[in-house]
Every structure is written in structure tokens, then in C-alpha cells.
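Notes to accompany the following structure.
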């Protein structure tokens, strides 16, 4: 569906449905942008974590069983 067709169809909707479309669209854009920013951060920091043992030292404990003391 083309943009012009979408806009024409949206104009036919009642106001509450228009607001719902805007809200859902903004949420989708925000989710997509957040995922994009996270991906950029991962790519930027990957080499640091792959090469610096100090940053990953505690991952050796990932499979250790810890018990809460009371």
C-alpha cells in the first residue's frame, strides 16, 4: 500500500482511531530505534570484551551455584 493511500484511509477514521495509529506507530519507531542503538553499542564494544580479560573475569562464575545466606 502506498503512502498516499494510507493517508487517505487514515483521514476517514474517527479521531480516537487516528490517535491509536499515531501511538502505535511512535511505539514501533521507538522500539526500532532502541534496537538499532543497542546494535551499534554491541558492535562498538565487542572488541573490548573479546580482547580484555578484565571485562569478562566474572563470567567464569556464570555456572557456579550460589546460595543465599540467612
- Message: At R0 = 22 Å, how high is the FRET efficiency between residue 68 and residue 42 if r is their beta carbon distance? Nearest 0.05 is fine.
- Response: 0.10
- Sum -39500 (n - 2.57) across every DSSP H segment of at least 4 residues in the chain, then divide by the residue count to get the 222 nm mean residue ellipticity, nearest 500. -23000 deg cm²/dmol
- Any chance you could get the radius of gyration and Dmax over the Cα atoms of the chain, in Å? 23.2, 65
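Where a number appears in this text, it was derived from the coordinates with a stated rule and is not lab data. Note that the coordinates shown come from a computational prediction; the quantities given were computed from them, not determined experimentally. As a convention, Cβ positions derive from the backbone with ideal geometry for all residues, glycine included, and neighbour counts pool all protein chains shown.
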